[in-house]
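Below: the structure, in structure tokens.
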Amino acid sequence: METKMITYQSPLGLIEITGTEQGIVSILFSEEQAGDRVPLDADIVPAAMKQCLQQLDEYFKGERMEFSFPFDFAGTEFQKKVWHALTTIPYAKTGSYKQIAVAIGNEKAVRAVGMANSKNPISIAVPCHRIIGSSGKLTGYAGGLWRKEWLLKHEQTMAENRRKEK
């Protein structure tokens, strides 16, 4: 299956999105500057990537709390279980490695869950940023702790704004 890559300029910097006709393979932060890459011709962008771009844009505007574009996970069966479990952590909420280990039916696999979490290729949509340490402190994030903190604050602010509107 042929993969395509496009970039998205987010409030947190450039994001590289890789996908196939089946779904999104990765959403990763890039340290490159906008303009360093030529955007893909819109006519040849797979539908899943168009959905992903639209949904990321809605997420950053505070209009989207869940993602519905298809994922095309490439990983071990254990990693896929962990990544699917991450998608069950509600918007503006946090979880722990232990909670994910319990959710996948392997309570003792806390460290393995941590390793799988660190290899999550689909940032933001598969919300590994919502995992915090059991002490309540922020733990590592491949995109940088400052981005993790920004994403969590963004979600909390947007959720609070929605509550006030009701």
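The values are calculated or read from the model by the stated rules, or taken from the named source; none is laboratory data. Remember, it's a predicted structure, so these values are computed and weren't measured experimentally. Positions of Cβ are generated from backbone atoms using ideal geometry, with glycine treated the same way; all protein chains shown enter the neighbour counts. The area values use the complete protein model at the heavy-atom level, side chains included, leaving out ligands, DNA and RNA. Shrake-Rupley method; radii C 1.70, N 1.55, O 1.52, S 1.80 Å.
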* Between Phe67, Gly19, Ala112, whose Cα lies farthest towards the positive end of the dipole of the chain when Lys and Arg beta carbons carry +1 and Asp and Glu beta carbons carry -1, centred on the Cα centre? -> Ala112
* **Cα-projected label distance for Lys166 with Ser134, points at 7 Å along beta-carbon direction, nm** => 3.3 nm
* To do: Compute the Cα gyration tensor for segment 117-157, then decide on rounded, prolate or oblate, letting a ≥ b ≥ c be the square roots of its eigenvalues: rounded whenever a/c is under 1.5, prolate when a/b is larger than b/c in the other cases, and oblate in all that remain.
  => oblate
* To do: Leaving out ligands and nucleic acids, note down the accessible area per residue over the chain with a 1.4 angstrom probe, in whole Å².
  => 55 Å²
* Asked: lysines near Lys4 by alpha-carbon distance under 20 Å, same-chain residues fewer than 8 away left out - which ones?
  -> Lys50
* To do: Can you tell me the equivalent ellipsoid semi-axes for segment 1-117? Use √(5λ) from the Cα gyration tensor, largest first, whole Å.
  => 28, 16, 13
* Please list 68-77, 23-32 highest first by mean number of surrounding beta-carbon atoms within 10 Å per residue. => 23-32, 68-77
* Asked: Carbon and sulfur: what percent of the chain's accessible surface (1.4 Å probe)?
  -> 51 percent
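Gain in length, Lys61 to Ala112, computed as 0.36 nm per residue apart minus the alpha-carbon separation, to one decimal in nm? Intermediate results must be reported in sequence, preceding the final value.
Numbers: separation 51, 0.36 × 51 = 18.36 nm, distance 3.40 nm.
Value of the extension gain: 15.0 nm.
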* Using 0.36 nm per residue of separation minus the Cα-Cα distance, give me the extension gain between Met1 and Lys119 in nm, one decimal. => 40.3 nm
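Taking R0 as 41 Å, what FRET efficiency do you get between Trp150 and Ile44 from their Cβ-Cβ distance, rounded to the nearest 0.05?
0.80
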